[in-house]
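Presented below is the structure to which this report refers.
Readers should treat all values here as calculations from the given coordinates under stated rules, not as data from a laboratory. All values derive from a computational prediction rather than experimental measurement. Cβ placement follows ideal geometry from the backbone for every residue including glycine, while neighbour counts extend to all protein chains displayed.
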Amino acid sequence: MSPPSEFLLGEHVHRRFNPLSGEWVLVSPQRAGRPWQGQVEEQEPEQRPAYDPVCYLCPGNARAGGAKNPQYEDVFAFDNDFAALHPDTPDGRVDDAGLLVAEAERGVSRVLCFSPRHDLTLAEMELHAVRRVVDLWADQFAELGASPDINYVQIFENRGVIMGCSNPHPHGQIWAQRRVPGAAAQETDRMRAYRTRTGRSLLGDYLARELDLGTRVICGNDAFVALVPFWAVWPFETLVIARRPVPGILDLTGAERDGLADVLKRLTTRYDNLFRSSFPYSAGIHQAPTDGSVHPEWHFHMHFYPPLLRSATIRKFMVGYEMLAEPQRDVTPESSAELLRALSETHYRA
């Protein structure tokens, strides 16, 4: 069989390189002539009260660990009652022939309540309330990152039961730890190598190219841009990138914090409108380590990893080839961006 005369990203099988991780993703667009086929199943709107007397995150309620929440009226943060990391873990290391290796890890795990309202999400909150979440992230990052025993502060949100979220109350988490975890260390190495080679920001150059092309950009403002990355693995994966190459959230101006809140609300609203459902995702901030070193290579950004594929009830699974070889997708990132870009920024439940 003779090869096709012209290679086209939208038609032919290919691999795409992720410069942030150094990994590849296999793209098979011929398996999805359209973004999806078959019926789009709309779920019945989930009805939640503004206050749930049995929710351990609502104001004034008792938590599972026995503590009682204050009657908070804004954002609220507390140490996780079932923390994955502990500050008092003793030092220790096991090394058996370099094959069985373990080392003690210390850190802090916190829960961040975005609102006293049980029935809201970031997409449904007022813009000023989303800005308060951004400020909470910054305050927590400043506090935890100042500790000499904390070298990385990972801020994230799991939304939806499908993503393992145990409580629908709007909230996120922080896991702050002594060592820089794998994904952040990987990005640090890649961005540092690029800056050493070019003298410029990897994501700054990437964003400039995406803005010139426009095919994967979803929305943006003077401070931030949301786009489907060229190397996206998940069907509707997105990156939110600061236009100015600042290393961390504390380097954002007040106007840039406003811009981040604006893009987050607009992006999550588009997500919900895609299948007219509360769209699940894991999202998190990637920023410079707090290890006492200067990190000019770092460029503040957020990742959104939603699992949904064809409808509110059909998700993508990483199985088979993807577990044993490398990630694969059918729908191209360009098609996903086109779908998200065409959606309204007025929430479907408004």
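Data overview
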quantity	calculated
Sites ASP52 and ALA146 - FRET efficiency at Förster radius 51 Å, r taken between beta-carbons, to 0.05	0.90
Net charge over other residues, Cβ less than 14 angstrom from the Cβ of LYS316 (K, R count +1; D, E count -1)	+1
Sequence-distant residues sharing a close amide H with ILE314 (under 5 Å, placed H)	LEU309
Residue (of HIS14, LEU267, VAL94) at the positive-pole extreme of the chain, dipole from beta-carbon charges	HIS14
Matching label, Cα extents along the principal axes in Å computed from the structure shown, candidates [x] 68, 54, 43; [y] 89, 56, 46; [z] 57, 47, 39	[x]
Value in Å of the Kirkwood radius, where segment 281-349 supplies the Cα pairs that are averaged	15.6 Å
Placed amide H near GLN328: partners under 5 Å, 5+ positions off or other chain	LEU26
For segment 134-140, Karplus couplings with θ = phi - 60° (6.51, -1.76, 1.60), whole Hz, Gly/Pro x	4, 5, 4, 4, 5, 5, 5
Contour minus Cα-Cα distance for HIS347 and ARG192 (0.36 nm per residue)	51.9 nm
Table column - 3J(HN,Hα) (Hz), segment 212-226, Karplus curve with 6.51, -1.76, 1.60, x for Gly and Pro	5, 7, x, 6, 10, 7, 9, 6, x, 8, 5, 10, 9, 10, 9
Spin-label model distance (nm) - ALA183 vs GLU6, 7 Å beyond Cα toward Cβ	3.8 nm
Two-site label geometry, LEU127 and ARG209: point separation in nm, points 7 Å out along Cα→Cβ	3.2 nm
Loop-exposed GluC sites (Glu not before Pro) per DSSP, neighbour cap 15 Cβ within 10 angstrom, longest uninterrupted part of the chain	127-344
Spatial separation of Cα centroids for segment 254-309 and segment 48-124, in angstrom	20 Å
Debye equation applied to the C-alpha atoms of segment 162-212, log10 I(q)/I(0) at 0.19, 0.29 Å⁻¹	-0.81, -1.06
Segment 127-219: trypsin sites (Lys or Arg not before Pro) in DSSP loop, at most 11 other beta carbons within 10 Å	none
Cα convex hull volume per residue for segment 220-350 (Å³)	128 Å³
Dipole in debye (nearest 20) - the chain, about Cα centre, beta carbon charges: Lys, Arg +1; Asp, Glu -1	580 debye
Estimated FRET transfer efficiency when R0 is 45 angstrom, pair ASP291-ASP119 (beta carbons, to 0.05)	0.70
For HIS299, distant residues with modelled amide H under 5 Å away	none
Square roots of 5 times each gyration tensor eigenvalue, C-alpha, segment 100-251, largest first, Å	26, 24, 16
Segment ARG15-ASP222, extension gain: residue separation times 0.36 nm, minus the distance between their alpha carbons	71.3 nm
ALA325 paired with ALA84, simple spin-label distance in nm, labels 7 Å along Cα-to-beta-carbon	3.0 nm
